[in-house]
Amino acid sequence: AGKCGACGPGYPSPLEAMKGDLPPGPREQLLYLPCIYRNTGINIPDFLATVDVDPKSPRYCQVIHRLPMPNLGDELHHSGWNICSSCHGDPTKTRNRLVLPSLISSRIYIVDVGTDPRAPRLHKVVEPQELSRKGNVAFPHTSHCLGSGEILISCLGDPEGNGKGSFILLDGETFEVKGNWEKGGKIPALGYDFWYQPRHKVLLSTEWGVPKILARGFNPEDVEKGHYGRHINVWDWSSHSLIQEIDLGKGSIPLEIRFLHDPDASQGFVGCALSGEIHRFFKTPEGKWAAEKVIEVPTKKVQGWLLPDMPGLITDILISLDDKFLYFSNWIHGDVRQYDISDPKNPKLVGQVFLGGSISKGGAVTVLEDRELRDQPEPCVIQGKKIPGGPQMLQLSLDGRRLYVTNSLFSAWDKQFYPEMLREGSVLLQLDVDTDRGGLAVNPKFLVDFGKEPGGPVLAHEMRYPGGDCTSDIWL
C-alpha cells in the first residue's frame, strides 16, 4: 500500500485508498506504536515498536522490532509522516519518514521507515532548543504533512510550560525548524490537535490544557480555574491568522478533531473529553464556522471514584475513509462506539463494545444511576488476560473492516486512573467491524500484551501503518 505507479505517495482519493491496489482492499501488515516508560518506574528510554499484524505471518501479533530513543523521559505520543496523500501528484516524494514528537521533552524524532519498514532506524533528532529558539514553542503534539512538502506540528505551550496554541513548521527534506506557521498577533491560550481543509481555506485546532498543569495529573479544580480548553479555533489557511473561536462550553475539553475525508466537505466532528459530547462543526451559508452537539454520552452516578458523576471521557475519534462511520472511545466508561454518520446531523449508534474501563463488575466502582446500561459490564478478558485500563487510541484499517485499539492515554493520567496498567503494561486489541449494517466485535485471536516487553511493562499509544491511515492522510 502507498504506491501508485508514476504518481506520488498515498492515493488519489479517500475512496481509492479504501480499495487499495488489489481486491478486496489494502491489508495492513505492520503497525508502528510509540511505547512509553515515563512514570512507570522503569528508567529506560521510550521506543518505537513495530508489530506484525499479518495473519499469514508466523510472527502475527508479535513485536518484531524495537527502536529505543537516545534519551530518557521523552513521553512519545502521536506521530505523523514526512509526506502523505496531500503530495500524491508529486512522484519525487516518498512516504519514508515517521515524525515522532515527544510531548514532555519536546524533542522531535525523525524515524527512517523506508529503508527497512520492519526495522525502523533513527534518522534525525530535532532538539527542544530549536523549537524554543525559532518559535518559542514546546510540547509538540499533532503532526501533519502539507502539500508544500513541509511538516506542520501543533504545540501545547511555550518552553516554560504555559499554555500557547501555536504551530511549528519543519522542512520536509532536511527537517530543519523553519519557524512558526501562524502569523498575526492573536494566538489561542491553549493548543492540541488540528485538521486542515484547503478547499475551504481553513485550519481548525483544539485545546487540551496548560502543559505544566496536566503533566501532574488531572485535578477537577483545574477545570474550574480555566486551565483546560473549551474552543475550536478557526484559522485562515492563506493568511495563517486566527479568525474565529467557537466556544463549546466550560469543561468541554475538545481533543481530537476530524474533517470528513472528502476534500470538498465543509464539516466534521470533534470529541469533547470531559463533557462527553461529540460536536459537528460546519461552515455556515455566511462563510463563518459553527458547531452543534450531535452525540452526548451521559455521566454515570457512582461510588468509589474520583467524582460522584463519572464522565465517559471521549479521548479519541476517527472517521472511516468513505465518511460513513464515526468511531470514538470512552476511556473511563470503557466502551468503543460506532455511529452511522450518513446523515452527519443525526448520527445513529450501530456498534458498541466494552474493553475494560472503570465500571466493570468486580471493581472498586459501584454505579448508582445509569441512563444507558441496566448492568455494569463484564470485565474484558482476551486469551485469559483481563484487560487493564480503558480503550483510548483508535486506528481503522483502510478498508474499514478492522479497528485497532490501545489503552494508554498519557502516562501521568494512566498512573492516576489506571495504576494497574503501569504494573501490567498496556495492550493492543483488534475489533472486527461490520461495514454494511454496523457492529463491533472483539477479535479473540488478536492480543499484543505490552506487559511482556523485555525492558518491563510499557505503555503503547498511537498506531500508524507504513502506507498511511485514516487519521494522517489529508487530500487536497
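The values are calculated or read from the model by the stated rules, or taken from the named source; none is laboratory data. As the structure is a computational prediction, the values presented were derived from the model and not from experiment. Don't worry about glycine lacking a Cβ; one is built from the backbone with ideal geometry, like all the others, and counts go over all protein chains shown. The protein model used for the area step is the full one, side chains on, heavy atoms only, and it has no ligands, DNA or RNA in it. Shrake-Rupley method; radii C 1.70, N 1.55, O 1.52, S 1.80 Å.
Per-residue Karplus couplings for the range 465-476, computed as 6.51 cos²θ - 1.76 cosθ + 1.60 with θ equal to phi - 60°, are listed in order as 9, x, x, x, 7, 6, 10, 10, 8, 10, 9, 9 Hz, Gly and Pro entered as x.
Its DSSP H runs of at least 4 residues, each contributing -39,500 (n - 2.57), put the calculated 222 nm mean residue ellipticity of the chain at -1500 deg cm²/dmol, to the nearest 500.
Distance check, please: which entries in 201/293; 134/212; 250/283; 164/301; 212/250 exceed 26 angstrom between their Cα atoms? Beyond 26 Å between Cα atoms: 164/301.
Per Stokes-Einstein, at 37 °C and 0.692 mPa s, what whole-number D in µm² s⁻¹ belongs to the range 350-398, with the Kirkwood radius over Cα pairs as the hydrodynamic radius? Could the numbers behind the result be given before it?
Values: Rh = 12.5 Å.
Reported coefficient: 264 µm²/s.
The distance between label points at residue 445 and residue 250 comes to 5.3 nm (points 7 Å beyond Cα on the Cα→Cβ vector).
Given R₀ = 56 Å, FRET efficiency for residue 239-residue 436 by Cβ-Cβ distance, to 0.05?
0.80
Taking other residues whose beta carbon is less than 15 angstrom from the beta carbon of residue 312, and scoring Lys, Arg as +1 and Asp, Glu as -1, yields -4.
Loop-located trypsin sites (Lys or Arg not before Pro) in the range 402-456 (DSSP state other than H, G, I, E, B) with a sparse environment of at most 16 neighbouring Cβ atoms within 10 Å: 437, 445. A simple count of charges around residue 395, restricted to other residues whose Cβ falls under 10 Å of its Cβ and scoring Lys, Arg +1 and Asp, Glu -1, yields -2. Surface composition of the chain: carbon plus sulfur atoms hold 49% of the accessible area, using a 1.4 angstrom probe and ignoring ligands, DNA and RNA.
Within straight-line reach of residue 56, meaning a Cα separation under 12 Å, sit the following aspartates and glutamates at least 8 residues removed in sequence or on another chain: 28. How many angstrom lie between the C-alpha centres of the range 405-434 and the range 270-342? If we compute the Cα centre of each part, the gap is 19 Å.
Assuming a ≥ b ≥ c are the square roots of the Cα gyration tensor eigenvalues, decide whether the range 29-121 counts as rounded (a/c under 1.5), prolate (otherwise, with a/b larger than b/c) or oblate. In terms of gyration-tensor shape, oblate.
The relative contact order of the range 14-460 comes to 10 percent, based on Cα pairs under 8 Å that sit 6 or more residues apart. A DSSP coil position with no more than 16 other Cβ atoms inside 10 Å describes the following GluC sites (Glu not before Pro) in the range 122-219: 150, 160, 173, 176. How charged is the neighbourhood of residue 193? Take every other residue with its Cβ under 13 Å from the Cβ of residue 193, and add Lys/Arg as +1 and Asp/Glu as -1. Computed value for this residue: -3.
A 1.4 Å probe run over the chain, with the rest of the protein chains in place, finds 36 Å² accessible per residue. Shown here is the pair-distance distribution of the chain: with all Cα-Cα distances grouped in 10 Å bins from zero up to the longest one, the shares run 4, 22, 34, 29, 10, 1, 0 percent.
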